[in-house]
Amino acid sequence: MRDPRYDVLFDPVKIGPVTAKNRFYQVPHCNGGGYRDPSAAAEMRRVKSEGGWGVIFTEQVEIHHSSEITPFIELRIWDEDDMPGLTKMADAIHSNGALAGIELAYSGTNGPNLYTREVPMGPMHSPILTFTSDPVQARAMDKEDIRNLRHWHKLAYRRAKRAGYDIMCLYGAHGFGILQHFLSRRTNQRSDEYGGSLENRARLLKELLSDARDEVGQSCAVAVRLSLEELGEQGFSNAELRDLIGLHAELPDIWDFAHGTWEACSGTSRFKPEAAQEDLIRGIKQLTSKPVVGVGRFTSPDLMVRQIKQGILDFIGAARPSIADPFLPNKINEGRIEDIRECIGCNICVTGDMTQSLSRCTQNSSFMEEWRKGWHPERMKPATSSRKILVVGAGPTGLSAAHRLGLRGYEVALSETSTELGGRVARECRLPGLSAWGRVRNYRQGQIEKMANVAIYRESKIGADDVFDLGFSDVAVATGSTWRRDGVARYHTLPISIDAGMPMFTPDDVMDGKLPAGHVVIYDDDHYYMGSVLAELLISKGCRVSFVTPSTKIAEWSVNTLEQGQIQKRLLELGAEIKTSHAVAEVGAGSVTIACAYTGRLNEISCDGVLLVTARLPNDVLYTDLMAQKARWADSGIESVKAIGDAQAPAAIAWATYAGHRYAEEFDATDIGDALPFKREVAGLRD
C-alpha cells in the first residue's frame, strides 16, 4: 500500500546497541503534564507508538533537585518516587515497538529552583536566564560540584535503565541544559580546565557521555542533544559545533540537533518555513559515522525523503508534527498521504507549557485528552442512536463537529451561508504569514467529502423557522463571532466615545476587503496575533500605521507561542509607530486621544482611520431564537440545541476545533450532571 518513494523512511536504523524500526523520531517535547499528570503524558506517548513512530522520547527530565525549572511542569528522576510514572511511560512507548528515549536535563543557568529553594549552579557566577527574569543568580561550580554533577547523572542513568528506557539523551540545547552552558563562551568564562578552549569547554560533555557508557554498557544507546547555533555575541556558533563533532565524532551513539533557542528552533509558520534549519545542519552527517537527527516541522513525506537521500539526516525528528498527527508514520506507510493532519505551526501546543496547563493542539483536539477523556485521534465510539444532527456553520468548530460525528456514523447535515467552507480560518489564512492555517479547513473538508453520511449545504442561510421545518433531532449552532466596533475588551469594559466622522474598521472589515487608507491607528486590546498581522497587511498596502496597545509589548500573549519578539521586531522594521502602555480613550473626527495606562496622561494622534482589534461577540441569534421557542421543540422532533465554539464564547482557533470535537464525543452520552468530565490524578498524602 505504501508508495515506493517513501520506502527509505521505513528502513530500520541502528543507534548503538539498539535498532529503531523506522526513521520517524519523536524528539523530546513538553506537554504541560509532566510530574502532575503522568498517566495523561504516558497515554499520549502510547498513542504515538500506536501511530508508528520508531523512536519516542519523554520531555526533559530533571535529574536532581538542585536544578529545576518551576513553574514549568516537566518530568523528574530525582529519586524512587519518580520511578512508577517513568516506568509507565516507557512501557507505553514500547507497546507498539517503538524505542523509548529519555532526555536527561540539568538546567544549570536556566534553573531558578523556585520550588526546591536550592542555590542554582552553573559554569560561572551569573543571573539565571529564565523567561521571567527571576531575581536569582547561579553560583560558579567548583571541582567538587562537577564531581557531584557527574555522580547525579550516573544515578539518573541507572534509574532510567531500570525504568526501561532504550536511549539516554543528554540535553544541551535551546539554552536550557548545562552542557550548552559549558560549551558557550557566553555562559562559560572559566579559567580552569573546563573553560577557555573548545576542548576544555567540551570536557564536561565528554565526561558525562563516557560515564553514561560505563553505566548502561551495551544495553542502551547514548545520545546528546545540542544547539546548531547560539545566536548573539560569543554564542556557541555553528562552526564551533562542527569543530566539536570533529573532536568527539564517535562518542555518542546518535547526534540530535536543534536550533540555538527554543524560539528559533520552534518558530511558528508565520516566521519559519518547513525545514528551516537545513542550512545549519547540512554537512554535519559527513563529520561522523553515527546517525544524525534534526527537526524542521516536517509534514511533507517528499521533503523527508530528500533529507535522507541527500545525506542531511538519518532520522526525521519531529515534535509538533507528531502532536498534530500521532499517526503520521502509519498514514505514509499505508498510502494515506491525504489523511495526514498537518501541523499548522501555530505553537498553541507550546502555550500549555508556558502557561503551566495541559497542552492543546489546533489540529488534534485529542492531544492530552487520550487518558483524561479517553479520546483517540483516529477512532470514535460508534453512534448509539439514529438521531440526525444539523450543524449550522462550517467554520473550524462546525467542520470539527461534522467530521467527528461522521466518524461515529451519525447522519449529519452541515450548512454554511457562504460558498466557501472554513469560516474564520478561510479568512484568516489569507492574511500575511498565516497561509498554513488553512490546513485546519483543508484536512476536515477533505475528510468530510469522503463521508456518505455527512452532507454539505453551501449558501444556506438558516433561521429558527427553517430549523423547525427541517426535521433534525439535534442542532449544533456553530455560527462563529464578530469583532466588536465599540472598543470594549480588557482595558475598556464599557464602550468608548467614537465620533461618527472618523472612519472606523474592525478585523472583519479588513478581511472583507474594506481597507483603511492614509494614517491608521490600530488599537490592539486583544494581545494575540490579529493586530500585528493586520498592521503588516496595512503597511504593505501603503498605510502609515500607529500601533497602540495598553500592554507593555506588542502581541503580549504571543510570548506563549514563542513569537512575541519576532512580531515586535517585524513591525519595527516595517516602520510601524509603536505606542505601548497606552489605551485609546476617545475617537474624534480626525484624531484619537490616547491615555497612558499608568498615569492616565493624555496625548492626541491625528489620523485618517481607526482599526479596533478588541473583543468579539458571539453570533448567537439563531441559538437564542431557538432557545426562546423551546416549547416548539417537541412538535418538530428536536431533542437538543447547543451553541458551540465562538458562537458560545469566542477564543483562539484551537478552542474552536476542540469545541466541535467535544460536541461529537459527548453527543448522545449519559448525563453526568456536575461530575468532572475527565479523569485526574491527585497526589497522596504522606505521613
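Output yes when any residue across the stretch 346-362 is crowded, with 22+ Cβ neighbours inside 10 Å, at positive phi and either assigned to a loop (DSSP other than H, G, I, E, B) or of a type in the set (A, V, I, L, M, F, W, C) (or both), and no when none is. Yes - at least one qualifying residue is present in the stretch 346-362. In the stretch 403-421, the residues that are touching a residue at least 12 places away in the same chain (Cβ under 8 Å) form Cβ pairs under 6 Å with partners that are of a type in the set (Phe, Trp, Tyr), at six or more places apart or across chains, as follows: Ser415/Tyr457.
To keep it simple, each residue is scored yes or no on (1) within 30 Å of Trp483 (Cβ to Cβ); (2) over 26 Å from the mean Cα position of the chain (by Cα); (3) of a type in the set (A, V, I, L, M).
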residue	(1), (2), (3)
Leu622	yes, yes, yes
Met627	yes, yes, yes
Ala631	no, yes, yes
Ala649	yes, no, yes
Arg662	yes, no, no
Glu665	yes, no, no
Ala669	no, yes, yes
Gly673	no, yes, no
Phe678	no, no, no
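Go through the residues of the stretch 444-464 one by one and say whether even a single one is touching a residue at least 12 places away in the same chain (Cβ under 8 Å), under 17 Å from Val412 (Cα atoms), outside any loop (DSSP other than H, G, I, E, B) and among the basic types (Lys, Arg). Checked against the condition, which is being touching a residue at least 12 places away in the same chain (Cβ under 8 Å), under 17 Å from Val412 (Cα atoms), outside any loop (DSSP other than H, G, I, E, B) and among the basic types (Lys, Arg), the stretch 444-464 yields at least one hit.
Candidates are the residues of the stretch 55-72 that are in a loop (DSSP other than H, G, I, E, B) and not β-branched (Val, Ile, Thr); the one that is nearest to Met168 (Cα to Cα) is His64.
Conditions tested, residue by residue: (1) out of contact with any helix residue (DSSP H, G or I) (no Cβ under 8 Å at 6 or more places or on another chain); (2) of a type in the set (D, E, K, R).
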position	(1), (2)
Asn347	no, no
Val350	no, no
Met368	no, no
Gly374	yes, no
Met380	no, no
Gly398	no, no
Glu411	yes, yes
Thr417	yes, no
Ala426	no, no
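Return the only residue of Arg158, Arg186 being in contact (Cβ under 8 Å) with a residue 12 or more places away in the chain, more than 28 Å from Ala221 (Cβ to Cβ) and among the basic types (Lys, Arg). It is Arg186.
State whether the residues of the stretch 410-427 include one that is crowded, with 24+ Cβ neighbours inside 10 Å and of a type in the set (Lys, Arg). Checked against the condition, which is being crowded, with 24+ Cβ neighbours inside 10 Å and of a type in the set (Lys, Arg), the stretch 410-427 yields at least one hit.
What number of residues within the stretch 542-592 are within 26 Å of Gly518 (Cβ to Cβ), of a type in the set (Lys, Arg) and not in a helix (DSSP H, G or I)?
So the answer is 2.
Could you list, in sequence order, the residues of the stretch 174-209 that are polar (S, T, N, Q), assigned to a helix (DSSP H, G or I) and farther than 22 Å from Leu562 by Cα? Answer for the stretch 174-209, where residues must be polar (S, T, N, Q), assigned to a helix (DSSP H, G or I) and farther than 22 Å from Leu562 by Cα: just Asn200.
For the stretch 593-687, the helices (runs of 4 or more DSSP H) that sit wholly inside it and include 3 or more residues that are buried (at least 22 other Cβ atoms within 10 Å of the Cβ) are 621-628, 653-666.
Screening the candidates Arg150, Arg158, Arg139 for the property of being basic (Lys, Arg), modelled with pLDDT of 95 or more, over 27 Å from Ser322 (Cβ atoms) and in contact with a strand residue (DSSP E or B) (Cβ under 9 Å, 6 or more places away or on another chain) yields one hit, Arg139. Taking each residue of the stretch 290-308 that is on the phi > 0 side of the Ramachandran plot and looking for partners that are assigned to a helix (DSSP H, G or I) and crowded, with 19+ Cβ neighbours inside 10 Å with beta-carbon atoms closer than 7 Å, six or more apart or interchain, yields Arg297/Arg320; Arg297/Pro321.
One line per residue, one yes/no per condition, for (1) among the hydroxyl-bearing types (Ser, Thr, Tyr); (2) in contact with a Cys (Cβ under 7 Å, 6 or more places away or on another chain); (3) modelled with pLDDT of 95 or more; (4) in a helix (DSSP H, G or I):
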{"residue": "Thr417", "(1), (2), (3), (4)": "yes, no, yes, no"}
{"residue": "Leu421", "(1), (2), (3), (4)": "no, no, yes, no"}
{"residue": "Val425", "(1), (2), (3), (4)": "no, no, yes, yes"}
{"residue": "Trp437", "(1), (2), (3), (4)": "no, yes, yes, yes"}
{"residue": "Val475", "(1), (2), (3), (4)": "no, no, yes, no"}
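One residue alone among Val55, Val27, Val61 is surrounded by 24 or more Cβ atoms within 10 Å (Cβ to Cβ), of a type in the set (A, V, I, L, M, F, W, C) and within 24 Å of Gly122 (Cα to Cα), and that residue is Val61. Residues of the stretch 73-107 that are in a loop (DSSP other than H, G, I, E, B), surrounded by fewer than 21 Cβ atoms within 10 Å (Cβ to Cβ) and in contact with a helix residue (DSSP H, G or I) (Cβ under 8 Å, 6 or more places away or on another chain): Ser95, Asn96, Gly97. Looking at Arg213, is it in the same structural domain as Val18 (by TED's automatic domain parsing) and part of a helix (DSSP H, G or I)? Answer is yes for this residue. Among the residues of the stretch 500-518, none qualifies, meaning not one is modelled with pLDDT of 95 or more, within 23 Å of the chain's Cα centre (by Cα) and not acidic (Asp, Glu).
The values are calculated or read from the model by the stated rules, or taken from the named source; none is laboratory data. This structure is a prediction, so every number in the text was calculated from the model and none was measured. Quick reminder, even Gly has a Cβ in these numbers, built from the backbone with ideal geometry, and neighbours come from all protein chains shown.
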